[in-house]
Amino acid sequence: AIIRESAGDKSGKGIYFVDTCNVIEENSPNKIPGKELFYEHVHYNFQGNYLIAKTIFKQVDEVLPDKIKSRKPSSEDSQQGHFPSEQEVARYLAYTDWEVYSISQKVVNEFLKQPPFTNQLYNKERVQQEEQRVNSLKASLTEDVMKKIDEQYRWAILQSPSDAYLYFKYGLMLDEQQNPSAAARQFETVLKLEPTHYLACA
């Protein structure tokens, strides 16, 4: 309420308010935000982040100067003619089945099994459900699936060869797959693009 009041109608001063809280509620069952858009009770999952990004983008697009709006779009943009779908965004960000599994495992072990979650009602049941989901995701990562995931990372990197984060994510996956030399090459590229990326040095 304070943020809404403070932002108010100040578009004349170049201040624009995007009510993401309302957007999340409107896209949740019975307007009650939960696991559909959150990993736990704080962090948005991929779907939640996509929804927020799309909402903010619409506001930004409305206030862009005319000279930017009138720019001739690229051929690819012309073909799309719309804000990219969730699937398209996932493809360009290399949000793969491996990452779904990796994040889900981290949420269970580093969040749900730790305070304050351990004091929440039905936490044990929730942990059991999420562990079953993690095990199912892990079982689905067959050799053929991992080959396709490797191709997805490579494709995304080709589309954005200066994006250090893509190389970093690819390196993490390769490292987990017991391929340290290939992972090291990805981390070396990360450091060339972002010399201060301390995680790539670990």
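From the list Gln152, Gln87, the lone residue that is under 30 Å from Phe57 (Cβ atoms) and surrounded by 15 or more Cβ atoms within 10 Å (Cβ to Cβ) is Gln152. Figure legend. Inter-residue proximity from region 188-201: first residues without any contact (Cβ under 8 Å) to a residue 60 or more places away in the chain, second residues hydroxyl-bearing (Ser, Thr, Tyr) and not in a helix (DSSP H, G or I), beta-carbon distance below 9 Å, spacing 6+ or different chains. Indicated pairs: Leu193/Ser162.
So, Gln105, is that one surrounded by fewer than 14 Cβ atoms within 10 Å (Cβ to Cβ), of a type outside the set (Gly, Ala, Ser) and assigned to a helix (DSSP H, G or I) or not? Answer is no for this residue.
The number of residues in region 121-143 being of a type in the set (A, V, I, L, M), crowded, with 16+ Cβ neighbours inside 10 Å and in a helix (DSSP H, G or I) comes to 3. Tell me which residues, restricted to region 180-202, are closer than 12 Å to Leu166 by Cα and of a type in the set (Val, Ile, Thr). Hits for region 180-202 are Thr189, Val190. Count of region 143-202 residues, restricted to those that are of a type in the set (Val, Ile, Thr) and within 14 Å of Glu99 (Cβ to Cβ), is 2. Of all residues in region 1-20, those that are open to solvent by less than 100 Å² (accessible area, probe 1.4 Å) and touching a helix residue (DSSP H, G or I) at 6+ places or on another chain (Cβ under 9 Å) total 7.
The values are calculated or read from the model by the stated rules, or taken from the named source; none is laboratory data. The model shown is predicted, which means the values in this text are computed figures rather than measured ones. Please note: Cβ atoms are built from the backbone with ideal geometry, for glycine as well, and neighbour counts cover all protein chains shown. Side chains included, ligands, DNA and RNA excluded: accessible areas come from the protein's heavy atoms. Shrake-Rupley method; radii C 1.70, N 1.55, O 1.52, S 1.80 Å.
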